[in-house]
1. When the residues of segment 32-63 are filtered to those that are under 9 Å from the mean Cα position of the chain (by Cα) and assigned to a loop (DSSP other than H, G, I, E, B), which remaining residue is nearest to residue 7 (Cα to Cα)?
2. Before we move on, is residue 29 modelled with pLDDT under 95, part of a loop (DSSP other than H, G, I, E, B) and out of contact with any Cys (no Cβ under 6 Å at 6 or more places or on another chain)?
3. When the residues of segment 14-24 are filtered to those that are free of Cβ contacts under 8 Å to residues at least 60 places away in the same chain and surrounded by fewer than 18 Cβ atoms within 10 Å (Cβ to Cβ), which remaining residue is nearest to residue 62 (Cα to Cα)?
4. If I filter segment 51-72 down to residues being more than 13 Å from residue 41 (Cα to Cα) and either touching a Pro at 6+ places or on another chain (Cβ under 9 Å) or not charged (D, E, K, R) (or both), which single residue comes out as surrounded by the most Cβ atoms within 10 Å (Cβ to Cβ)?
5. So is residue 11 in contact (Cβ under 8 Å) with a residue 40 or more places away in the chain, part of a loop (DSSP other than H, G, I, E, B) and of a type outside the set (S, T, N, Q) or not?
6. Given the conditions (1) of a type in the set (D, E, K, R); (2) farther than 11 Å from residue 93 by Cβ; (3) in contact with a strand residue (DSSP E or B) (Cβ under 6 Å, 6 or more places away or on another chain), and given that residue 43 satisfies all but one, which numbered condition is not satisfied?
7. Determine if segment 25-38 includes at least one residue that is surrounded by 15 or more Cβ atoms within 10 Å (Cβ to Cβ) and touching a residue at least 40 places away in the same chain (Cβ under 8 Å).
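The values are calculated or read from the model by the stated rules, or taken from the named source; none is laboratory data. None of the values given here were measured: they were computed from a predicted structure. Quick reminder, even Gly has a Cβ in these numbers, built from the backbone with ideal geometry, and neighbours come from all protein chains shown.
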Amino acid sequence: MSLRSRRIEQPAVLPDGTEVIVRVGVPDDPYIPRRELSTVDVELWAEDRVLAAVNTVLDPEQESEGLALAREIVAGLESGSLAPTAGAIEPLADTLR
């Protein structure tokens, strides 16, 4: 399995009660088939809207590292140490695992 075929999704509840889904995987692109993409991104979703999206340093084959990244972001969001913004999650997405 890889992050091309399966996107990791982890729920988080922010201190204010807002429910957010953290998604790590190869993003959808209407012009390029997923099998040809090598970009892995992190998206934060609340209801049906994207709160933040950033690219990561992960490769699509790094599924366990993607899960670790998602869990780290969830922990930060739930504790309040991370805001649900691209600027807040980008340093984590740029860290090698």
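1. Top of the filtered list is 40.
2. Spelling it out, residue 29 is indeed modelled with pLDDT under 95, part of a loop (DSSP other than H, G, I, E, B) and out of contact with any Cys (no Cβ under 6 Å at 6 or more places or on another chain).
3. Going through segment 14-24, the residues free of Cβ contacts under 8 Å to residues at least 60 places away in the same chain turn out to be 16-17, 19, 21-24.
With surrounded by fewer than 18 Cβ atoms within 10 Å (Cβ to Cβ) added as a condition, the list becomes 16-17, 19, 21.
Working: 16: 32, 17: 31, 19: 26, 21: 20 Å.
Checking each candidate, the answer is 21.
4. Checking each candidate, the answer is 51.
5. Details: in contact (Cβ under 8 Å) with a residue 40 or more places away in the chain: yes; part of a loop (DSSP other than H, G, I, E, B): no; of a type outside the set (S, T, N, Q): yes.
No: the conditions fail for residue 11.
6. Failing condition for residue 43: (2).
7. yes
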